[in-house]
Amino acid sequence: MTSPDTTASHGSDRLSGVRELPLSTPIWQVSDYAYDTAEHYEDVINERRPGQVYGRYGNPTLEALAEVLALLEMGEKSWVFTSGMGAIHACLMYFAGADDKVVASRTLYGGTYGLLTEGAPRAGIEVVFADSTDAPTFDRALADGASLAILESVSNPTFEVADVEGIAECCQRRNIPLIVDNTVASPVFMNPLQLGADVVVHSTSKYIGGHHDMMGGAVVGASEAVDGIRHLAIRYGTTASAFESWLALRGIATLGIRMKRHAENASALAQLLAGSDRVENVLYPGLPSHPQHERAVKIMSGFTGMVAADLGTKERAWRFMDSLRVARVGSSFGGVRSEVTHPASTSHRQFSKEDLLLAGISEGLVRISAGIEDRHDLIEDFSAALVAAS
Ligand SMILES: *Cc1c(COP(=O)(O)O)cnc(C)c1O
């Protein structure tokens, strides 16, 4: 007879009595596994036999998420991380090391800028910034001994559309890997691997999760690169958790219809803002006035749910933001609720004064993430805030 303590601590070994295919991927809330023999475990951990190892190495829920992301981005393989920054960090360290030079787009998410200006130099990596909307300009920066290129397909927070195709050609010619952060565009509206990128990264905390409730990141690309990047995630301890991955999977189920609604709402807001004499400039790839509108039409199947509006001064920008009632002043983007951010003072505060200027992030710039609310409620809200701001 086993004692009750042993019975209780072992629980049940029964996996499940379910023969039917579950229509939702279960959360594998498990960190370690039992093997038939010592040799069995040795084979699995050395990848001579397929199988699970330990939470930091992966988990069936994470693998399900990675599989969907690889399909959506049309890549061979994918791996998922604790956050978008975890994914970008692993990519950076996989492709670059001491004495290497990285060329990055001048307009980037503040966290990525921080990693490149604070983290990269600590690893002996030099970083230069260049204009990723113009391939010849970017290529001149690559010419000077670069070993890696990083850009955002649609930049945060000015929504420039990078010349992904043109820069991918330059990188291929020079044998330099190209990492493209596709967070803002989402895999629904652009697939950078199809345009020549080597690796796509995502912050799944944004559109992919989409409900303001999870953190995660992903890389998608050729098997060899993704395997190497995954190996670093295991070393750095940045593999995604099962629960967060499950939330991302749950979010992905509605990604297509959400992106459609986000884009419809953003387009309506962009038109409203562009028609107002209280706004100095509106940045939305769907507006014909956008500097890369033609490129957006060519390489994107939608214009994202993000809009930037320049209200002229920080005071007016803040007053505008504080006057909104349906949309809220928020810290992120890509979720079902509309939020607005003042990048210069918050998400992009890491930027030096000169780099803010180069990136086109003015003091009056407001970043708008259109949610999936009713369009008329948003129009009413933003119209009233425009009046209140002036
Ligand atoms: C948010 C964001 C990141 C970082 O992702 P986290 O999940 O917050 O770590 C990277 N790139 C872009 C474009 C982002 O918007």
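Here is how the numbers come out for the structure above:
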quantity: Residue check, residue 26 in a loop (DSSP other than H, G, I, E, B) and under 26 Å from the mean Cα position of the chain (by Cα); calculated: yes
quantity: Close pairs (9 angstrom Cβ cut-off, 6 or more residues apart or separate chains): farther than 12 Å from residue 371 by Cβ in segment 330-342, in a loop (DSSP other than H, G, I, E, B) and of a type in the set (D, E, K, R) anywhere; calculated: 342/363
quantity: Pairs, first in contact (Cβ under 8 Å) with a residue 40 or more places away in the chain and under 13 Å from residue 25 (Cα atoms) in segment 234-245, second buried (at least 16 other Cβ atoms within 10 Å of the Cβ) and among the charged types (D, E, K, R), C-beta under 7 Å, six or more apart; calculated: none
quantity: Filtered residues of segment 300-342 (kept if of a type in the set (Val, Ile, Thr), surrounded by fewer than 21 Cβ atoms within 10 Å (Cβ to Cβ) and either out of contact with any Ser or Thr (no Cβ under 7 Å at 6 or more places or on another chain) or not assigned by TED's automatic domain parsing to the domain that holds residue 281 (or both)); calculated: 313, 329, 336
quantity: Complete set of residues in segment 343-361 that are farther than 12 Å from residue 107 by Cβ and in contact with a Leu (Cβ under 8 Å, 6 or more places away or on another chain); calculated: 344
quantity: Residue check for residue 345: of a type outside the set (D, E, K, R), in the same structural domain as residue 264 (by TED's automatic domain parsing) and surrounded by fewer than 20 Cβ atoms within 10 Å (Cβ to Cβ); calculated: yes
quantity: Some residue of segment 94-101 being farther than 22 Å from residue 204 by Cα, of a type in the set (Asp, Glu) and touching a Leu at 6+ places or on another chain (Cβ under 9 Å); calculated: yes
quantity: Matching strands (runs of 3 or more DSSP E) fully within segment 94-203 where at least 3 residues are surrounded by fewer than 22 Cβ atoms within 10 Å (Cβ to Cβ) and more than 16 Å from the ligand (Cβ to nearest atom); calculated: 126-130
quantity: Segment 62-86, residues that are more than 16 Å from the ligand (Cβ to nearest atom) and either free of Cβ contacts under 8 Å to residues at least 40 places away in the same chain or assigned to a loop (DSSP other than H, G, I, E, B) (or both); calculated: 63, 67, 71, 74, 75, 76
quantity: Residue under evaluation residue 268, criteria (1) within 27 Å of residue 89 (Cβ to Cβ); (2) surrounded by 17 or more Cβ atoms within 10 Å (Cβ to Cβ); (3) touching a Lys or Arg at 6+ places or on another chain (Cβ under 7 Å); (4) touching a residue at least 60 places away in the same chain (Cβ under 8 Å), criterion not met; calculated: (1)
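The values are calculated or read from the model by the stated rules, or taken from the named source; none is laboratory data. Small disclaimer: the values here were computed from a predicted structure and weren't measured. Cβ: placed from backbone, ideal geometry, glycine included. Neighbour counts: every protein chain shown.
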